[in-house]
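See below for the structure under consideration.
The values are calculated or read from the model by the stated rules, or taken from the named source; none is laboratory data. These figures come from a predicted structure and were not determined experimentally. Here the Cβ positions follow ideal geometry from the backbone for every residue, glycine too, while neighbour counts run over all protein chains shown.
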2 protein chains.
Amino acid sequence: MDEIVAYKTADKMERRASSTDKKALDRLLAPRSIAIVGASEDVQKLSGRVLYHLQKHGFKGALWPVNPKRDKIAGLTCYPDIASLPEAPDLAIVALAPDASVAALKALAKRGASACAVLSSGFAETGPSGAALERELVKISQQYNIVLLGPNGLGFVNAFNGTVATFSQYAEREIKPSSVAFVSQSGAFGTAIASLARARGLGLGWFINTGNEAALDVWDLLDAAIDDDQIKVLAAYVENLGDGRKMVRVARRAAEMGKPLVITKVGNSSRGAAAAAAHTGALATPARLFSGVATRSAIISAADERDMLNAIEALVRAGEPAGKRLGIVTMSGGAGVLMADLVEQLNACLADLSSATVKRLQEFVPRFGSLSNPVDITAQFLAQPEILEQAILALQDDPEVDCVIVWLQMMDGHGVRLAASLARCRDASKKPLLISWIAASPPTLAALQAERIATFDNGSDAVRAAVTIADRLDAIESFLDAPAPALHTPEPRMPRILSVEEGAVRLKDSGVPLAIAELATDADQAEALVRSGGFYAFKIASADIGHKTDIGGVILDVEGGAAGRMAFDKLIEVAKVHCPNASIDGVTVQKMVPEGLELVFGARYDAAFGLVVMLGYGGVFVELLGSAEFALAPISVGQARRMIDALPAQSLLDGARGTPPVDRTALANLFARFSEFVAENSGSIAEIDLNPIIVRGDTVLAVDWLVSWAEPKP
Amino acid sequence: MDEIVAYKTADKMERRASSTDKKALDRLLAPRSIAIVGASEDVQKLSGRVLYHLQKHGFKGALWPVNPKRDKIAGLTCYPDIASLPEAPDLAIVALAPDASVAALKALAKRGASACAVLSSGFAETGPSGAALERELVKISQQYNIVLLGPNGLGFVNAFNGTVATFSQYAEREIKPSSVAFVSQSGAFGTAIASLARARGLGLGWFINTGNEAALDVWDLLDAAIDDDQIKVLAAYVENLGDGRKMVRVARRAAEMGKPLVITKVGNSSRGAAAAAAHTGALATPARLFSGVATRSAIISAADERDMLNAIEALVRAGEPAGKRLGIVTMSGGAGVLMADLVEQLNACLADLSSATVKRLQEFVPRFGSLSNPVDITAQFLAQPEILEQAILALQDDPEVDCVIVWLQMMDGHGVRLAASLARCRDASKKPLLISWIAASPPTLAALQAERIATFDNGSDAVRAAVTIADRLDAIESFLDAPAPALHTPEPRMPRILSVEEGAVRLKDSGVPLAIAELATDADQAEALVRSGGFYAFKIASADIGHKTDIGGVILDVEGGAAGRMAFDKLIEVAKVHCPNASIDGVTVQKMVPEGLELVFGARYDAAFGLVVMLGYGGVFVELLGSAEFALAPISVGQARRMIDALPAQSLLDGARGTPPVDRTALANLFARFSEFVAENSGSIAEIDLNPIIVRGDTVLAVDWLVSWAEPKP
């Protein structure tokens, strides 16, 4: 895990996702000296509480309170102003009124401070005048090259060096470092999550609240965490994605460095997005889009704080499995069945135990238990303690098993002994071992924590965590094969919807075969076009009419010259009735394509991610959004293949109802090529919708397309 | 909730779902005397532990140990055998070896005992010889009319009268009665769930493990719980559904009596299940089928034990909301966003607060909070304690709000005060109040429990519980409008797949309009049939060929006599090549139908439920499993309407892409009528698959159908 994989495509400029100077970030996170501007002895005040926390948790560097009214604060020499500090501080904590904070930042910058955390609120979150003050902070930080965290944040904790520079409630209890870095955009929620991590004994190496992110954002800080050798697992709580490409670049470095990244992203629904906009001014990112990009980027996307902590628990204490063939040992047949249901639901699989393993289990599993996976050892191991350990070891030794989950319940008084037994199993194999222990007593939980065993209070959580981690590993290779995402994607300026013919010209380089369409400008031409025989589709040709079926602008199965004339006249009439202001070019005439599976290839410019591509089932069923898979363009062939394999109802691809099976390799190659085309036309593509694309074996034909295109700036 | 709703349709025979005599069940659950057969003082032995638990928890009736080797056990007179008992016991506990248990049951029955719980294992769960012994138990219980619980169970607890007749670990700690009855098919898992209920302070009135269910099953005991006035909420953990109709009958009585029923059903995955030959057989995955029937039956279907306990927590401590318009108060904007996302995902809604409420909130919510739902009051209420209570009351008073959820975190030291404040809010309104409190300290949790406030450790859980309960209430009326399910559905014997014409005859009474199809037995007839003009669909006609498109047995868009001849010859040829042994009747010729939304109506005989109906999107997209809704036939119009409204991608029904919107009322009437037809043909219908059905406005036309029909016994 520690091996550093060489960068494949990113150049030196791109190696760090962050544009922030690494040294200055080091000064922020590992300061040798901290000035507390507006320091107080009153722990009810923010700055008083920060100072108290720094002292309480044993910060080793210099602490310099600044307050013109005092000589000493909390036993420390107090300085009347920033100018009189003994030297430029590595870090300054500012918790003054908004305008005073701006002045303080300027004074600190002039004094040569490296970094500043502005904890005060009253900035952009309060309205236009606050936003103006926040812009001033940014201006100063850029002008003087001073690193800025916040404003409107709780500060941060670097537990490795006692830098507890926060007024968060989290600092009120003991802080133990661990290999986990947690960065949160929310103060209150972040504090709760950090506290839950502590309650599970997981600890945090870093806990950072980014506040308004006037300068440093969540991605900058995760990026810094990747560079810290003590950090092995990254986690973030995100409300406002900001630049989604930056997220993907950070994910890429994390994947290269073997550091799993767990993100809980909220604000994915329309109401949720509205609430998020009220809260942080975040833009809406559809849930499917975020989760698609996250999956492709080997990010573990956690639904809520419980999901996040369960993933961290598994990562830190169980490690990563080689695959997702789960072996389950249980003392309740029913619990085994419940977990088996979930394994299937999550598209993972229960390992088929080898016959050698079954034979081995037969020797000690009670007759009324079960030898097949999930293995039910019953409660007999309370009388014969060796049964539990033997069963786990048997599964760990089976080459068919990637990961072992054990389900236990209650057994007050046996916890300490069993925890030791489970720790022996964990140490005997490299395969992850996850324990779900229902209604465990506090002493049992303490014993499991002391042994650092990955423990869950519910079988579903253990299964979900194991599968989540396996899915991440599965995504890494194809993610690192993909080209690095663009640093910047210009927004298409004033795009217009192209005519079918113009669209076909633009799509020529996309690699997607298009059904030939010819334009008839009068009924005679229409008649001539269909004369060669067969069935034709007639569609109204107008750049002003987007979805033609909506107005009855499509006639199918047109055969013969007379029908061709009639269809032409009908369509022109329909268009005039429904879209009287539309400019009509005529009617496109297109040979009808054979039956096959209808898919859709899509692309669109997204404010957060730039250009994204979409693959899903086509026709009207494109509306079944749950079936579409998204990714940031461009993608690798491996990623395209994973998107295909992630579509629901896979039997449709395997040739349901008489159509030949889809050639997945050919389709993956084509879709990856399409994604490259999309990326190459950054700044031009606003939206592309190839729908439907008829797929039959290895033949692919796009029947209709909608292209919204912006001309590049002259 | 206490009002008894009169039975609407069920006759007296059907009023109780259970066939077991109510009086005898009373003797089991509220015995005046208990004989412990094979009693022991050794609490390591099952019977010793049961006796110990009965004494420890203060069972008030007579306890009669039976053991020929002892005079006294645990201070009680011990009887040498069953014959010498002072009188016939209401209940006997038997925990002897399997064959001795059979003998004991017989002796007890002869002695006149009312009920017997056989705790011993070694019966059907161990194989054929055990199963034979179990059959003997059943025979004796039927012959002598003695109620039988088990074998291979933990026994049960009736906390109202101290009948702790179990060796479960659950009995080791304090048992407090509550209005919840919990019946479990699993001993180990059931014990864990019961213990979790205790840990939350919820308590259980009844905790019953049904073991092998040789006689009494989970439905009999839930049915008995409905009759107990002290029980208000029913919960069950189910692995083996048994008779699904019985479940629905119990659900019906529970709905009539206003007692919510929560079920966790495991064993829903298809692993190990043989792929069904018929296509829709594979469709009807048990998970979808169970959840469909449960939803229609106003059963709360809980995914696992956590879901179950959360639903119970909300039912017992918060009560039932009038609708699903949620109002959320939070001290973290981010948490509000997360919950808003989930509300949308669960098809519930965030209440649109009235302007009066917003005005009221404006007076005290801090400027950096949020006045729209979710209402973010920030942490300011720690300084101004009245803010929290005022915000909750404002939302409770708003007629737009059905239920209030509050999100809090940590705040060690404020728990007791806040719990009192929340209790005041709860008492001030009839609207349910649910609290999610993240990382609460143990004293806070204790204070919330003491105030009996519905508490969740996670915001998602609170939202899910609230929506779940609202969904149940929404289902009740249409459920009680539906005819009672059949007591028994005969399995169709040797069904055969009908020809299209035969199928059309059978379906005549279903109410579903069918596209007219005529049979051509030679090319001349085919030519004649298409002569009237327009486009036709040609399909091979053979009872031996199920899914015709699979072999290319369908040709669409046939126009004109010559094309008709060619299509006929082609289809006959294709059928001969692919199905050389099929008996071919000819080719059906059917006028092609206009474009519209493709749906499917399905029906099939299910071993657990009898006849079930299915509604979903049609065409090849019938494969998109998540889109189908199931119900036990027959259903009410209201239930049909709910199934329509539960389909995903509702915009398809609203007339996406140019098709006129589906007339939901007409469709609901038709589908309800179809379900009646299905129920009326019990014993005949093995499977019906009307796919596709083209729906356009209020016109409906089935284009193709597969009917598998059994002739009734002569």
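Numbers below:
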{"read-out": "Selection status of A:Q380, within 23 Å of B:M308 (Cα to Cα), within 14 Å of chain B (Cβ to nearest Cβ) and out of contact with any His (no Cβ under 9 Å at 6 or more places or on another chain)", "value": "no"}
{"read-out": "Every residue from region A:346-388 that is closer than 27 Å to A:A439 by Cα, without any contact (Cβ under 8 Å) to a residue 12 or more places away in the chain and surrounded by fewer than 16 Cβ atoms within 10 Å (Cβ to Cβ)", "value": "A:R367, A:A383"}
{"read-out": "Hits in region A:424-437 - residues which are buried (at least 19 other Cβ atoms within 10 Å of the Cβ) and farther than 15 Å from A:L342 by Cβ", "value": "A:C425, A:R426, A:K431, A:P432, A:L433, A:I435, A:W437"}
{"read-out": "Failed condition for A:A646, given (1) modelled with pLDDT under 95; (2) more than 11 Å from chain B (Cβ to nearest Cβ); (3) in contact with a Lys or Arg (Cβ under 9 Å, 6 or more places away or on another chain)", "value": "(3)"}
{"read-out": "Number of positions in region A:295-345 that are among the acidic types (D, E), assigned to a helix (DSSP H, G or I) and out of contact with any Phe, Trp or Tyr (no Cβ under 8 Å at 6 or more places or on another chain)", "value": "3"}
{"read-out": "Inter-residue pairs, beta-carbon under 8 Å, first among the acidic types (D, E) and in region A:505-518, second not in a helix (DSSP H, G or I), 6+ apart", "value": "A:E518/A:T588; A:E518/A:V589; A:E518/A:Q590"}
{"read-out": "Residue match in region B:535-546 (condition: surrounded by fewer than 22 Cβ atoms within 10 Å (Cβ to Cβ), within 14 Å of chain A (Cβ to nearest Cβ) and over 23 Å from A:F535 (Cα atoms))", "value": "yes"}
{"read-out": "The one condition in (1) within 27 Å of B:L670 (Cβ to Cβ); (2) assigned to a strand (DSSP E or B); (3) within 14 Å of chain A (Cβ to nearest Cβ) that B:L519 fails to fulfil", "value": "(3)"}
{"read-out": "Yes/no for B:A394 being surrounded by fewer than 22 Cβ atoms within 10 Å (Cβ to Cβ) and not acidic (D, E)", "value": "no"}
{"read-out": "All positions within region A:161-181 that are more than 14 Å from A:Q230 (Cβ to Cβ) and not β-branched (V, I, T)", "value": "A:A165, A:F167, A:S168, A:Q169, A:Y170, A:A171, A:E172, A:R173, A:E174"}
{"read-out": "Condition check for B:L196: within 14 Å of chain A (Cβ to nearest Cβ) and either surrounded by fewer than 20 Cβ atoms within 10 Å (Cβ to Cβ) or modelled with pLDDT of 95 or more (or both)", "value": "yes"}
{"read-out": "Meets criteria (surrounded by 22 or more Cβ atoms within 10 Å (Cβ to Cβ) and within 17 Å of B:V707 (Cβ to Cβ)) for B:G564", "value": "no"}
{"read-out": "Which numbered condition B:G292 misses (of (1) more than 13 Å from chain A (Cβ to nearest Cβ); (2) within 20 Å of B:S429 (Cα to Cα); (3) part of a helix (DSSP H, G or I))", "value": "(2)"}
{"read-out": "Filter result (within 14 Å of chain B (Cβ to nearest Cβ), assigned to a strand (DSSP E or B) and at pLDDT 90 or above) within region A:549-606", "value": "A:L599, A:V600"}
{"read-out": "Set B:A335, B:A322, B:A340: member being surrounded by fewer than 23 Cβ atoms within 10 Å (Cβ to Cβ) and at pLDDT below 95", "value": "B:A322"}
{"read-out": "Filtered residues of region B:352-377 (kept if within 22 Å of B:I469 (Cβ to Cβ) and either within 11 Å of another protein chain (Cβ to nearest Cβ) or in contact with a helix residue (DSSP H, G or I) (Cβ under 7 Å, 6 or more places away or on another chain) (or both))", "value": "B:D352, B:N373, B:P374, B:V375"}
{"read-out": "Residue in region A:210-227 that is crowded, with 24+ Cβ neighbours inside 10 Å, within 29 Å of A:G130 (Cα to Cα), modelled with pLDDT of 95 or more and of a type in the set (V, I, T) present", "value": "yes"}
{"read-out": "Lone qualifier among A:A439, A:A466, A:A394 - being touching a Leu at 6+ places or on another chain (Cβ under 6 Å) and at positive phi", "value": "A:A439"}
{"read-out": "Extreme residue, nearest to B:T444 (Cα to Cα), among residues of region B:203-212 that are part of a loop (DSSP other than H, G, I, E, B) and either in contact with a Cys (Cβ under 8 Å, 6 or more places away or on another chain) or away from every other protein chain (no Cβ under 13 Å) (or both)", "value": "B:G203"}
{"read-out": "Pair list, Cβ under 8 Å, 6 or more apart: region A:406-417 residue more than 10 Å from every other protein chain (Cβ to nearest Cβ), other residue in a strand (DSSP E or B)", "value": "A:V406/A:I328; A:V406/A:V329; A:V406/A:T330; A:V406/A:L433; A:V406/A:L434; A:V406/A:I435; A:V406/A:S436"}
{"read-out": "Neighbours by Cβ (under 8 Å, 6+ apart or cross-chain): first from region A:243-254, without any contact (Cβ under 8 Å) to a residue 24 or more places away in the chain; second charged (D, E, K, R) and buried (at least 22 other Cβ atoms within 10 Å of the Cβ)", "value": "none"}
{"read-out": "Positions within region A:650-695 being part of a loop (DSSP other than H, G, I, E, B), surrounded by fewer than 20 Cβ atoms within 10 Å (Cβ to Cβ) and within 14 Å of another protein chain (Cβ to nearest Cβ), in sequence order", "value": "A:D654, A:G655, A:P660, A:P661"}
{"read-out": "Any hit, region A:465-483, residues being in contact with a Pro (Cβ under 8 Å, 6 or more places away or on another chain) and part of a loop (DSSP other than H, G, I, E, B)", "value": "yes"}
{"read-out": "Qualifying residue in region A:47-56 (condition: assigned to a strand (DSSP E or B) and under 21 Å from A:S168 (Cα atoms))", "value": "no"}
{"read-out": "Residues that are facing chain B (nearest Cβ under 9 Å), of a type in the set (A, V, I, L, M, F, W, C) and touching a residue at least 24 places away in the same chain (Cβ under 8 Å), drawn from region A:162-193", "value": "A:F189, A:A192, A:I193"}
{"read-out": "Any hit, region B:298-318, residues being of a type in the set (A, V, I, L, M, F, W, C) and more than 30 Å from B:G267 (Cβ to Cβ)", "value": "yes"}
{"read-out": "Residues satisfying the stated conditions in region B:443-483, i.e. touching a residue at least 60 places away in the same chain (Cβ under 8 Å), within 14 Å of another protein chain (Cβ to nearest Cβ) and of a type in the set (S, T, Y)", "value": "B:S460"}
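A quick yes/no check of all residues on (1) surrounded by fewer than 21 Cβ atoms within 10 Å (Cβ to Cβ); (2) closer than 13 Å to B:A35 by Cβ; (3) of a type in the set (S, T, Y); (4) out of contact with any Lys or Arg (no Cβ under 7 Å at 6 or more places or on another chain):
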site: B:L54; (1), (2), (3), (4): no, yes, no, yes
site: B:V66; (1), (2), (3), (4): no, yes, no, yes
site: B:S84; (1), (2), (3), (4): yes, yes, yes, yes
site: B:A97; (1), (2), (3), (4): yes, no, no, yes
site: B:A100; (1), (2), (3), (4): yes, no, no, yes
site: B:R111; (1), (2), (3), (4): yes, yes, no, yes
site: B:N145; (1), (2), (3), (4): yes, no, no, yes
